[in-house]
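Have a look at the structure below before the remarks.
Taken together, the values in this text are just the output of simple stated rules run on the coordinates, not laboratory data. Computed from a prediction, not measured in an experiment: that's the story for all the values here. Methodologically, a virtual Cβ is constructed for each residue, glycine included, from the backbone with ideal geometry; neighbour enumeration extends over all protein chains shown.
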Amino acid sequence: MVMRICICFPPDQGAERWAQALAAAPELQPWQPQVEVWKADPKDAAESADYALVWRAPQAFFDAQPLLKGIFTAGAGVDALSGLRLPPAATLVRLVDAGMASQMADHALWAVLHHQRRMDAYQAQARSGQWQPHPPEDKADWPVGVLGFGVLGQAVAQALAQRGFAVRAWARTPREDAVPAGLTDAVYAGESGLVELLQASRVLICLLPLTPQTRGLLDKARLGALKPGALLVNLARGGHVVQADLMAALDDPAHPLTAAVLDVCEPEPAPPEHPFWHHPRIVLTPHIAAATLRAESVAQIAQGISALQRGERPSGWVPPQRGY
Ligand code: NAP
Ligand code: GLV
């Protein structure tokens, strides 16, 4: 019997090439996969697929796929699906690493070194041809706090610890081990753990999933608890940061936060008039910290579909009550 898979991506995101790669995946051949790209036009509507591969799919897509057994996201985050009515029998599965962890570690290292090595200052000086060395900054003066100690948070924390930074992390679940392998300090949990981490950190890196519990987490008070001369690096979702509070903090000379490196914002894409583009102490990149890689992702999704076909739970399963 044929297995139907339907892909729903925003336009210009190469859905056809994903369809070809998924149709050719060796794990899926026993089920004769038939992979289609969703067309919003109702006259093209086919019967419901068995599995969906989605990124920012609209409600109309899920309404047309009532028999889905599995929904696979082409990313690590599933926040774009929150608030949508999904077919009740569908298991939600996200990407786990799939080549993103090493990109994320590189991006975080760049962001932290850019400031700790004063490249921000040298870049500004270069614009006016100013040859002016500054005294070197000690890494010991740049303790790092990583919010989220999952697949990506761990890769980032370990990369920074290996480069000599003191690194703490914060997660939802308390950890048994006092200091996990590769870290220089504990993983904190709970509100009191968050306050402790903020007060000990000069660099704050956000790698949390966006959920009702984490939306708006980084507000004026929490950013104000950081060490003086602090840097915020948000690599997760724009909704984690209260954007007006961030702008106010950066404009207040008495506030400990002095710079931000942001890969995400609200809305995305940021329009030309978005204030983040124009603030001299914000570096904004267009959500490129860790790109979804097609070959790695298709291999993982094919394994996930074959696990579901065998009645097994795939890696990347998102428990509905947890939401990430
Ligand atoms: P993950 O493995 O699920 O890790 C999530 C971490 O956040 C876990 O440590 C989890 O705690 C912690 N967490 C969740 N809710 C929390 C809460 N309420 N309080 C404290 N900690 C909480 O996710 P991942 O694969 O590392 O991805 C993280 C996020 O990165 C994604 O959701 C996505 O938004 C973002 N991302 C961005 C890009 C980009 O290019 N900018 C690319 C990929 C992903 P536990 O360990 O206790 O479960
Ligand atoms: C990208 O932001 C992802 O969630 O993979």
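Some points to look at:
- Phi angles of the range 66-77 translate, via the Karplus equation with coefficients 6.51, -1.76, 1.60 and θ = phi - 60°, into HN-Hα couplings of x, 9, 4, 9, x, 10, 10, 9, 8, x, 7, x Hz per residue; Gly and Pro are given as x.
- ³J(HN,Hα) computed for each position of the range 21-33 - Karplus, 6.51 cos²θ - 1.76 cosθ + 1.60, integer Hz, glycine/proline x: 5, 5, 5, 9, 4, x, 4, 8, 4, x, 9, 6, x
- Between 0 and 90°, nearest 10: helix 294-309 axis offset from the chain longest Cα axis: 50
- A cut-off of 5 Å between modelled amide H atoms, ignoring neighbours fewer than 5 places along the same chain, links residue 257 with 230.
- Sequentially through the range 316-324, phi angles give Karplus couplings (6.51, -1.76, 1.60; θ = phi - 60°) of x, 4, 9, x, x, 6, 8, x, 7 Hz, Gly and Pro residues having no value and appearing as x.
- Under 5 Å between amide hydrogens, built in the peptide plane, is the criterion, and for residue 4 it picks out 34, 50, 51 among residues at least 5 positions away or on other chains.
- FRET efficiency, residue 285 to residue 221 (Cβ-Cβ, R0 30 Å, nearest 0.05): 0.65
- Extension gain, residue 1 to residue 322: 0.36 nm times the residue separation minus the Cα-Cα distance gives 112.1 nm.
- About the centre of its Cα atoms, the range 231-324 shows a dipole size close to 540 debye [charges on the beta carbon of Lys, Arg (+1) and Asp, Glu (-1) only; nearest 20 debye].
- Cα shape, the range 100-284, gyration tensor, a/c 1.5 rule: oblate
- Each of the peptides 131-140, 75-84 was scored by the mean count of other Cβ atoms within 10 Å over its residues; in descending order, highest first, they stand as 75-84, 131-140.
- A simple spin-label model places pseudo-atoms 7 Å from Cα toward Cβ; at residue 251 and residue 117 they are separated by 3.3 nm.
- Long-range HN-HN contacts of residue 91 with modeled amide H, under 5 Å: 70, 71
- On full extension, the segment bounded by residue 132 and residue 313 gains 59.4 nm, given 0.36 nm per residue less the C-alpha separation.
- Straight-distance crosslink candidates among lysines, where the alpha carbon sits under 29 Å from residue 139 and sequence neighbours closer than 8 are dropped: 220, 227
- Partner aspartates and glutamates for residue 39 [C-alpha distance under 19 Å; skip if fewer than 8 residues away on the same chain]: 12, 16, 47, 50, 63
- Cβ-derived FRET efficiency at R0 22 Å, residue 199 paired with residue 178, nearest 0.05: 0.70
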